[in-house]
Amino acid sequence: MNNASKIEFHDLHTTRDEFLSDVINGLRQRPASIPPKYFYDAKGSKLFDAITELAEYYPTRSEIALLKQHADEIAGEVGTGSLLVEPGGGSCAKVHILLKGLKPCAYVPMDISKDHLQMAAQELAAQFPWLEIHAACTDFTREMKMPPSAPQGTKVAFFPGSSIGNFDPAGAVAFLQSIATLVGPGGYLLIGVDLKKDKKILEAAYDDAAGVTAQFNLNLLARINRELGGNFDLAQWQHLALYNEALGRIEMHLRSRCQQTVKIGSESFDFAQDETIHSENSYKYSVEEFNALATQAGFVSQQVWVDDKQLFSIHLFRVKP
Ligand code: AVI
């Protein structure tokens with residue numbers, strides 16, 4: 001590739017029917033829940049980008065600082081010419097820190113949010129004209145599909161942002177196993193993991209003073225209204241974020257401010273006052289706890305980097321060659 005970079009776009013997206021059936025099944029449960037992957041339509045992805053800029057939301061800043069500080073070491077461990085895969089790489093926001101050192105043969109961002117992915121891939125292509133990009137619009141939590149045209153090379157999966165924390169521990173092991181299968185023997189995983197810490201710091205990060213995280217949570221209901229014909233009255237739902245110390249996770253919920261019935265198409269759901277819809281978990285791990293999960297999934301720890309304030313960790317793992 002000389003001057004112009006090459007972007008291939010592959011739409012492997014989940015359908016509206018899957019969204020509808022996941023929402024209906026989740027709202028029929030008690031406590032009700034909605035899978036957090038549905039946060040990320042175009043509006044939700046923009047709100048999430050705004051969250052990452054908040055003073056209270058330390059993970060993004062801490063991770064970026066760690067990546068910048070250790071980019072050369074990471075490239076030294078992994079080498080150049082690899083095929084860099086980023087499940088959930090919808091904003092391509094952090095990968096640019098690694099590109100200069102890693103010089104991958106191609107970059108494969110995978111994300112559920114098509115518009116966000118397309119825009120981000122185009123911006124990255126403008127910044128790195130030599131980079132071959134194969135953008136895959138896919139629900140990587142269900143299936144990790146590689147675009148058929150992606151070139152061969154040692155695969156390096158990049159999974160920043162502590163998105164692994166949005167799986168429960170058993171789901172995290174299963175997901176890490178699917179990454180191990182994707183990268184294969186000799187392949188790498190570079191992953192950002194949020195650390196356990198003071199409850200006050202954690203709860204402020206998920207319930208910011210400006211109310212951006214509240215908007216992000218409520219957008220889930222707005223999205224159901226827009227895309228599935230729901231009639232949620234957003235004023236009647238309140239954002240909640242609590243650290244569950246026993247389970248080591250932040251929980252986000254939407255609490256019903258009154259007794260109400262919500263309709264989605266021909267389905268209706270009754271909620272009592274104070275009843276909640278559980279919308280997200282964000283698990284926090286010590287370095288040792290996370291090493292144990294990754295080991296169960298078939299990875300061997302190569303390196304781990306932690307910032308001075310012990311807020312965030314970046315692990316490099318490898319599948320035995
Ligand atoms: C994407 N994920 C890692 C974020 C987190 O911190 O769990 C999502 C998020 N939810 C609320 N704020 C940020």
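Here are some notes:
- Beta bridge orientation in the chain: antiparallel %, DSSP, nearest 5: 60
- The chymotrypsin sites (Phe, Trp or Tyr not before Pro) of region 71-171 meeting both criteria, a DSSP state outside H, G, I, E and B (loop) and at most 13 other C-beta atoms within 10 angstrom of the site's C-beta, are Trp130.
- Residue of His239, His116, His70 that the Gaussian network model of the chain assigns the largest fluctuation, springs spanning Cα pairs under 10 Å: His70
- Counting 0.36 nm for each residue step from Val304 to Ala174 and taking away their Cα separation leaves a gain of 44.7 nm.
- One decimal place: the segment Gln152-Trp130 gains 6.2 nm when fully extended, by the rule 0.36 nm per residue minus the C-alpha distance.
- Taken over region 198-262, the percentage of Cα pairs per 5 Å bin, counting from 0 up to the bin with the maximum distance, is 4, 17, 24, 21, 16, 12, 6, 1, 0.
- Cα-Cα over 24 Å, subset of Lys37/Lys284; Lys199/Lys309; Lys68/Lys196; Lys100/Lys197; Lys94/Lys155: Lys100/Lys197
- Helical mean residue ellipticity (222 nm; -39500 (n - 2.57) per DSSP H run of 4+; nearest 500) of the chain: -11000 deg cm²/dmol
- Translational diffusion of the chain, µm² s⁻¹ [Kirkwood Rh, Cα pairs; Stokes-Einstein; 25 °C; 0.890 mPa s]: 121
- Additional length obtainable on full extension of the chain from Ala222 to Arg28, 0.36 nm per residue less Cα span: 68.0 nm
- Among Ser266, Ser149, Ser163, residue whose mean-square fluctuation peaks in a GNM of the chain (springs only between Cα atoms under 10 Å): Ser266
- Relative to the longest principal axis of the Cα atoms of the chain, helix 42-51 runs at roughly 80 degrees.
- Residues His134, His253, His96, sorted so that the one with the fewest Cβ neighbours within 10 Å comes first: His96, His253, His134
- Helix 58-78 axis, angle to the chain major axis (alpha carbon atoms, nearest 10°): 20
- Calculated on alpha-carbon atoms, Rg and Dmax of region 190-319 in Å: 18.6, 54
- Angle in degrees between helix 287-296 and the longest Cα principal axis of the chain, rounded to the nearest 10: 80
- Within region 125-156, the trypsin sites (Lys or Arg not before Pro) that combine a DSSP coil assignment with at most 15 other C-beta atoms in a 10 angstrom radius are Arg142, Lys145.
Read the figures in this text as sums done on the coordinates, not as results from a lab. What you see is a predicted model; the values in this text were computed from it and never measured. A quick note on method: Cβ atoms are made from the backbone with ideal geometry, for glycine too, and the neighbour counts reach across all protein chains shown.
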